[in-house]
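These notes concern the structure reproduced below.
All of the numbers you see were taken from the coordinates with simple rules; none came from a lab. Since the model is a prediction, treat every value here as computed from it, not as a measurement. No Cβ is skipped: glycine too gets one built from the backbone with ideal geometry, and neighbour counts run over all protein chains shown.
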Ligand code: ADP
Ligand code: MG
């Protein structure tokens, strides 16, 4: 389909089609920017791009869901920061160019099944798909880790969105059937096989625009920086995630009450990530579920990034006998929950959680089954 659409648009078939994944973070929320370990997985919801060099010095960009198109001059990549839809693509081109990649003019057609603005990181999928396609067409050697770092740099430096490295890393480096235990301080990573037995992971989108996200996200980053700088007067810690829970208790008096609770989320979430990895390695799904619940409570009470909609979705899920655990995933203030659900109760789960959520919030939730897929790949012709 995408190849035909490409030909209709640009007159020839694409040279290649690449697919970059959206991601779900299973556990380890709001600790990537504190140097913690996180546990994301790449999703089969993805951003596909069909691409072909066009012999000019321009990128011509279209998307299957948009009428607008973009023309980006590769000599002036710094000039497109204000574009609404295309700044991610332009930012990636700009950042690759700055990093010394050879770029050639290309025609590109994007088709994205990651819902936009739902916390499953459509932005990272767009960036990674763009970066991979442009790097390949320019004949550059590819290192997926480096591409992830450059994509993150594009989102932060060019698009002005604060973000950790997790999203781009997972989108580029995901592996089918595995989560990625990623150390955000060192970028070391380990694949953790996920055997869900008779369960599935269900994503529920609360369908609320996360308007508070940018300001609150930055506020939390500042609060964790404050915690680290107050504590490091007495404790030599390189990042907040290196702080042990007992150390936090010992030096609690150094921190204002709110800052203490933020730090308590970080230290407790780091412990949960490690326990979750152990639970998954041991095939203990009920412990995995309990850790999801504990993570949500910590994000709700200590970190205060959930909000009425996400709390309602999680609470409705906790009521269901077929659900082993549920929590918000992503940055919060909107977006999705992820729930571990028995496969034979799946229909009930979706019907009952959806109905309960509608009754309490007046909004319809959207549900997706999370299939854990590969990160960036080239599709067969
Ligand atoms: P997410 O949580 O999914 O990463 P973001 O807000 O970070 O959400 O990224 C989604 C952004 O992608 C939107 O702000 C939108 O401007 C941009 N975008 C890029 N391409 C498209 C497209 N083809 N259709 C809709 N939005 C797009
Ligand atoms: Mg995003």
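Spatial offset of segment 315-381 relative to segment 52-115 amounts to 33 Å, using the alpha carbon center of each. Here r is the Cβ-Cβ distance between residue 65 and residue 381 and R0 is 22 Å; the resulting FRET efficiency, rounded to 0.05, is 0.40.
The ranking of 359, 87 from fewest to most other beta carbons within 10 Å of each one's beta carbon is 359, 87.
Derived value for segment 199-369: Kirkwood hydrodynamic radius 17.0 Å. Basis is the mean of 1/r over every pair of different alpha-carbon atoms. If R₀ is 56 angstrom, what is the calculated FRET efficiency for the pair residue 142 and residue 351, using the beta carbon separation as r and rounding to 0.05? E(calc), rounded to 0.05, equals 0.80.
Taking the longest Cα principal axis of the chain as reference, the axis of helix 122-137 is set at about 40 degrees. To the nearest ten degrees, helix 144-153 and the longest principal axis of the Cα atoms of the chain are 80 degrees apart.
Computed from Cα positions, the angle between helix 257-282 and the longest principal axis of the chain comes to roughly 80 degrees.
As a length-normalised measure over Cα pairs under 8 Å and 6 or more apart, the relative contact order of segment 199-369 settles at 34 percent. Between 165, 72, 142, the GNM of the chain built on Cα springs shorter than 10 angstrom shows 142 fluctuating the most. Short-range pairs are left out: with C-alpha atoms under 8 Å and at least six residues apart, the relative contact order of segment 311-362 is 36 percent.
Label segment 329-381 by shape, choosing from rounded, prolate and oblate, from the square roots a ≥ b ≥ c of the eigenvalues of the Cα gyration tensor; if a/c is under 1.5 it is rounded, and otherwise prolate applies when a/b is larger than b/c, oblate when it is not. Prolate is the answer for segment 329-381, as a/c is 1.5 or above and a/b outweighs b/c. From least to most packed, judged by other beta carbons within 10 angstrom and beginning with the fewest, 309, 127, 322 follow the order 322, 309, 127.
Note on the chain: along the principal axes its Cα atoms extend 63, 52, 39 Å, ordered by decreasing extent.
Per-residue Cβ neighbour counts within 10 Å put 308, 349 in the sequence 308, 349, beginning with the fewest. The mean sequence distance of close C-alpha pairs (under 8 Å, at least 6 residues apart), as a share of the length of the chain, puts its relative contact order at 23 percent.
Please label the shape of segment 134-268 as rounded, prolate or oblate, based on the square roots a ≥ b ≥ c of the eigenvalues of the alpha-carbon gyration tensor (a/c under 1.5 means rounded; beyond that, a/b larger than b/c means prolate, else oblate). Prolate, since a/c reaches 1.5 and a/b exceeds b/c.
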